[in-house]
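So the structure is just underneath, and the comments pick up after that.
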Amino acid sequence: MKIDDQKIRNIGISAHIDSGKTTLTERILYYTKRIHAIHDVKGKDGVGATMDSMELEKERGITIASAATYCEWKGHEVNIIDTPGHVDFTIEVERSLRVLDGAILVLCAVGGVQSQSITVDRQMKRYKVPCIAFINKCDRSGANPFRVISQLKAKLGHNAVAMQIPIGLENDVQGVVDLVGMKAIYFDGDNGEMVREAEIPANILEEAKAKREELIDAASLFSDELTEAILNESAISTAMIYAALRKGTLQREITPVYMGSAYKNKGVQPMLDGVTYLLPCPSEIQNEAIDMDKNEEKVVLSNDTEKPIVALVFKLEDGQYGQLTYIRVYQGTLEKGSTIVNVRTGKKVKVGRLVRMHADQMEDVEFLRAGYIGALFGIECSSGDTFTSPDVNLTMISMYVPKPVISLAIVPKDNKSQVAMAKALNRFAKEDPTFKTFVDHETGDTIIEGMGELHLDIYVERMRREYGADVSTGNPRVAYRETITQRADFNYTHKKQTGGAGQFGRVAGYLEPMTDAEFIFENKIFGGAIPTQYIAACEKGFKQSMAKGPKLEFPVTGVKVVINDGASHAVDSSDMAFQAAARGAFKEAYLRAKPVIHEPIMKVVVETPAEFQGSVMGLLNQRRGMIIGSQDEDVMCVIEAQVPLAEMFGFSTILRSATQGKAQFTMEFALYRQVPQSIGEKIALEVAQNKKSAA
Amino acid sequence: MFPIGVALKREKNVIHLTYKDIMMIKKEMLYRNPLINLGYANEDILPAGGFGAVLAYAGVGKTALLVQLALNMMLREHSVLHVSLHDAVSKVDLWYQEIFHDIAEKFGIPEVQEYWDKIQPYRFIMTFKVEGFSAPKLEERMTDLMEQNIFKPIMVIIDGYKFDEAGRGQLVQLKELAKKYSMGLWFTVHTHRHETPQENGLPLSFLHVADLFDAIVQLATKGDEVYIKSLKGGSADRSPKDLLLDPATMLIKDNQ
């Protein structure tokens, strides 16, 4: 079965929070006739946008989990993943980008390139996702799409080029001029569904000509044919321009920019045309997998539907009918009733129900071909798992997953809540690799870990609403770490003789600091001072000690352990004895190696009206923040700082009250840095107190 | 001078941050500082309230040279305000990190991040749009910082100032600002190939304000190499005519 995949587009819609991407998706679904009425985010009709399927998302007006949907536009099948805009949910964005072939970068015509756009753009670069841009909200006062284009160039380094110019801006937004076809496009009907082409208004004709010139100039870099046509002054066809632009877009060398206002129903359809003309089909993107049978050799997957199946699970959702597994097929055809293997667990599963998703409604299908995105029912797996045909052992390259930086203790109110909480935590941990949960054996508390305060807040809320688990939360705790700063020797003997078989083991060597790995164990013993069979036990003993530092019981990182001497006893030595000796040795040397505490430092970006710049800087400074710089952008100002996570709790409330609610901020993990001595002492005191109260 | 790359040898991956290292990097940077070698009076080059300019064609390394000067100040625990009129904060930050890492690497300092964390608080980046920049606006922003004791600069870099478009008036205002807060101000001056320099080596578009400047240096390329020479303020008897620079670090090359 050879199928023309030229007409498939797997795209994502990525942007800064509140730049209107959910509204845009809603319009796309409406114009492609997937939905028959438009509901706005935070809409007065109480229905909410179709893509924001979770109750909580509707209430907060933000997109949390990316819902997948597909639609058809002019003979093309377009799979859309709506992605969250808040940094705390970046893992969702990363996962979506992993399975996408192209993306629409949505920007606000007033706000322009904001901090989150920069993060999303970085992620797109990491996964080499070609993109087009859509400048939304041209109806807002202060809208200036050309300023946004210059920001795309200056701030993100995109070779951004306008595909259109607006006909009217702010209150007067009427339509756009298509610079390729050189015609004006208007959007008639109650919901802008009737696209009408007309002559370009005379007052903007000159501007349109000049901008078209710029567009053709930029495109000519990617096509000899077009360059020749320009030089010979012969006719330039639209096909020629699109072919050149498409080539540049696929190489990520050019970013075509569309514009309009999704809310006012302007400019969405031409952008959809742009998706079909300029973004790649699945076979134009090279996807790689790792062959587990051939020493993890990289294998290029082909989009052939006849080849063995390779498919990646990129999202799990708990629906009313059980677990829904979102999957992208990279190779082969996934058919109902066929058998596939989960490469991670080695378990074989039979494909039951196969569906294609449309937000929270679904449509049954018989098969999913290479390049398609769909969902499976009733399959036990985790996010990021690879499914293949039984005859191959390929796994998709694992996704980059950042480590959690914040934790929170949660306590269920009663038994019923306890059961519901366990169920919810199990589900969340499977859905989101940046969300972790475990039980603290000392306090008996259930701890959840994540990427930020809001990240954990949302999960606690979901637990309450979706699972009915009534839980109370403790204070958020920062994931501190310990490390050593200088070399220290050890020579420790573990000896126990209390009747029966004794325990004996001696280890000697040194600890030293290290920056680019968490733990390295090196055996420099010659002549069998410690018999080879006990070396692994020594390593295990040291590793166990790393889990909880002797100083303040935070995890220890950045330590190299070298053993160079030791002693054993023919009868009394054992694995247990050497493990205990290693633990003792670690403890002995650790405090002499000048241990210090490291804390997570967040990159905080605040966007505020210029008049509040001073007070925002003051707020950041009070929080031990180091301000990297400030960027003046007309009336707004962007302040970039590095602030310890421990100081950021409740910052959003304080920022709101200091700026009359006009400033907003984003935050993401940047690095670990040593805490100042005074703070270190404070932390030590707190730890001691906690220990006391736990006892 | 220490030949490059013979700093204390260390085992791979091991931190041994010593006082000696910091002293060495300071010493090296001072020793290889092109401006000191051109005969400018002291380490700060500019007097309080003074103006300095780096002239060059596009892409030769004006910003890099000033970043190197700024790093020199930061290592001596002097605060530097970097005002960019064309780049984003993150890009300016990257300039500093790259040049600092290059310098540290050349001198064989293995643990650069640790140093970087130490000196970074001595730098503050501000960016403005060219058309939105003015002396009163800069003063307003600086007052925000100084009043709250967040940052008080000793040296200010203004990168991307349009000398051919701005009149003398604004520079005079900036000079007053420099005097008021006892700061030295460094500017980048973008010169053009089509502009023939005057007898003193200065471009015509700069002449109307040249008298406000205490130090003027020029960067030029010959093939792949970058040279620096003093046009104003350097001591002619102490200095060679021009000096060859390492384009990565903007410090004097080893083989001179």
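The Rg/Rh ratio for chain A, using Cα coordinates for both the radius of gyration and the Kirkwood hydrodynamic radius, is 1.02. Exposure proxy shown here: for B:THR188, A:THR345, A:THR532, the number of other Cβ atoms within 10 Å sets the order, fewest to most, as A:THR532, A:THR345, B:THR188. Taking Cα atoms only, the orientation of helix A:238-250 departs from the longest principal axis of chain A by about 10 degrees.
Put a dot 7 Å past the Cα of A:ARG196, heading toward its Cβ, do the same for A:ASN564, and the two dots end up 8.7 nm apart.
Using a 10 Å cut-off around each Cβ of peptide A:619-630, what is the average number of partner chain Cβ atoms that fall inside? Walk me through the intermediate numbers first.
On the way: counts 1, 1, 5, 2, 0, 0, 1, 6, 7, 10, 14, 9.
Counting Cβ atoms of other protein chains within 10 Å of each residue's Cβ and averaging gives 5.
Each of A:ASP391 and A:ASP188 was given a label point 7 Å from its Cα along the Cα-to-Cβ line. The distance between the two points is 5.8 nm.
Farthest toward the positive end of the dipole of the protein assembly as shown, out of A:GLN323, A:ALA684, A:ALA479, is the Cα of A:ALA684, where the dipole comes from beta carbon charges about the Cα centre.
The residues A:ASP470, A:ASP139, when put in order of fewest to most other Cβ atoms within 10 Å, stand as A:ASP470, A:ASP139. When the inverse distances between all different Cα atoms of the range A:599-679 are averaged and flipped, the Kirkwood radius reads 12.7 angstrom.
Nearest 5 is fine: what % of DSSP beta bridges in the protein assembly as shown come out antiparallel, could you say? Let's see the in-between values first.
Numbers: 135 of 191 bridges.
Approximately 70 percent, going by the DSSP bridge assignments.
Of the GluC sites (Glu not before Pro) in the range A:180-265, the ones in a loop by DSSP (not H, G, I, E or B) with at most 16 other beta carbons within 10 Å are A:GLU193, A:GLU199, A:GLU233, A:GLU253. Each 5 Å bin from zero up to the one holding the largest Cα-Cα distance in the range A:408-524 carries the following percent of pairs: 2, 9, 15, 15, 10, 8, 9, 9, 10, 9, 4, 1.
The mean count of C-beta atoms from other chains within 10 Å of the C-beta of residues in A:584-595, rounded to a whole number, is 0. In chain A, helical runs assigned H by DSSP with n ≥ 4 each contribute -39500 (n - 2.57); averaged across all residues and rounded to the nearest 500, the mean residue ellipticity at 222 nm is -9000 deg cm²/dmol. This ranking places A:THR659, A:THR485 by how few other beta-carbon atoms lie within 10 Å of each, fewest first, which gives A:THR485, A:THR659. Calculated on C-alpha atoms, the gyration radius of the range A:290-397 divided by its Kirkwood radius gives an Rg/Rh of 0.95. In terms of packing, defined here as the mean over residues of other Cβ atoms within 10 angstrom, the peptides A:259-272, A:142-155 line up highest first as A:259-272, A:142-155. Axis angle, to the nearest 10 degrees, between helix A:145-156 and the longest C-alpha principal axis of chain A: 30 degrees.
If one computes P(r) from the Cα atoms of the range A:184-234, what percent of pairs lie at distances over 13 Å?
Details: 881 of 1275 pairs.
For the range A:184-234, the share of Cα pairs beyond 13 Å comes to 69 percent.
With contacts taken as Cα pairs under 8 Å and at least 6 residues apart, chain A reaches a relative contact order of 9 percent.
If you take each beta carbon of peptide A:608-615 and count the beta carbons of other chains within 10 angstrom, what is the mean?
Working: counts 0, 0, 4, 0, 0, 4, 8, 2.
Taking the mean over all residues of the peptide, I get 2.
Neighbours of A:SER234 by Cβ distance under 14 Å: Lys/Arg scored +1, Asp/Glu scored -1, total -4.
Only the coordinates and a few stated rules stand behind these numbers; no lab work does. The structure displayed is predicted, hence computed values, not measured ones. For neighbour counting, all protein chains shown are included, and Cβ atoms are generated from backbone atoms with ideal geometry for every residue, glycine included.
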